[in-house]
1. Compare His60, His126, His134 by solvent-accessible area with a 1.4 Å probe and give them largest first, with all protein chains kept in place.
2. So how exposed is Glu82, as accessible area in Å² (1.4 Å probe, rounded to 10)?
3. For the full complex of protein chains and a 1.4 angstrom probe, list Leu6, Leu146, Leu38 by accessible area with the highest value first.
4. Based on the Cβ-Cβ distance from Val64 to Arg33, what FRET efficiency comes out when R0 is 41 Å, to the nearest 0.05?
5. Mind pulling up the Rg/Rh value for the chain? Radius of gyration and Kirkwood radius, both on Cα.
6. Any chance you could look up the accessible area of Arg116 with a 1.4 Å probe, heavy atoms only, rounded to 10 Å²?
7. What shape does the stretch 1-96 have by the C-alpha gyration tensor, where a ≥ b ≥ c are the square roots of the eigenvalues, rounded means a/c under 1.5, and otherwise prolate means a/b greater than b/c and oblate the rest?
8. Just give me a number: lysine pairs in the chain, eight or more positions apart or cross-chain, with C-alpha atoms less than 22 Å apart.
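The values are calculated or read from the model by the stated rules, or taken from the named source; none is laboratory data. Here the structure is a predicted model, which is why all the values come from computation and not from measurement. Here the Cβ positions follow ideal geometry from the backbone for every residue, glycine too, while neighbour counts run over all protein chains shown. Note: accessible area is taken over every heavy atom of the protein model, side chains too, but ligands, DNA and RNA are not part of it. Shrake-Rupley method; radii C 1.70, N 1.55, O 1.52, S 1.80 Å.
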Amino acid sequence: MVEDLLEILRTNAKESPETMAKMLGVELNEVERAISKLESRGIIRGWQAIINEDLVPQEHVTAVIEVRVTPEREGGFNRVAERVAKFDEVEAAYLMSGGYDLLLFVSGKNLLEVARFVSEKLSTIHGVLSTATHFRLKTYKQSGVLMAKPSDEERLVVSP
């Protein structure tokens with residue numbers, strides 16, 4: 001039941017516990033206990049709305065930053081990653097395989113603010129070897145949700 005409950009929450013976290021109980025074929029108190037247990041175990045870390053930032057009238061910039069790091073003898077990448085993740089500008093931080101070690105999602109009021117974060121905070125951390133910053137231009141899909149408004153035309157356009 002837990003996997004099914006998590007899938008419902010991933011799809012629509014605003015779904016009422018009563019509706020979830022009906023969808024899962026269980027009692028309401030069972031759903032409420034399961035959610036409470038998932039929160040206390042740290043599996044559910046918070047509740048958020050998915051916002052189409054392209055439609056918000058305020059100035060806002062999102063960047064994806066690839067970071068190469070020198071791993072530490074005892075802590076590997078953890079110590080540097082945990083330090084970087086504490087910055088307010090960092091929305092998300094992931095350890096990656098491949099050509100770089102950390103992948104950061106960073107936000108700021110404008111390009112200059114993000115550039116200052118990279119040059120004054122991120123790149124000055126001991127163990128950070130290099131960074132590559134990419135700015136988000138437009139969002140098409142986020143957290144499994146399409147950002148475009150549904151159109152009346154359901155079929156894809158086919159061109160020769």
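1. Details: His60 60, His126 155, His134 90 Å².
Final ranking, largest accessible area leading: His126, His134, His60.
2. Solvent-accessible area, nearest 10 Å²: 110 Å².
3. Values: Leu6 35, Leu146 125, Leu38 5 Å².
Of Leu6, Leu146, Leu38, the descending order of accessible area is Leu146, Leu6, Leu38.
4. On the way: r = 38 Å, r/R0 = 0.94.
Working from the Cβ atoms, E equals 0.60.
5. Details: Rg = 20.3 Å, Rh = 19.1 Å.
Radius of gyration relative to Kirkwood radius: 1.06.
6. Result for Arg116: roughly 120 Å² accessible.
7. Values: a/c = 3.42, a/b = 1.60, b/c = 2.13.
Because a/c hits 1.5 or more and a/b fails to exceed b/c, the stretch 1-96 counts as oblate.
8. 12
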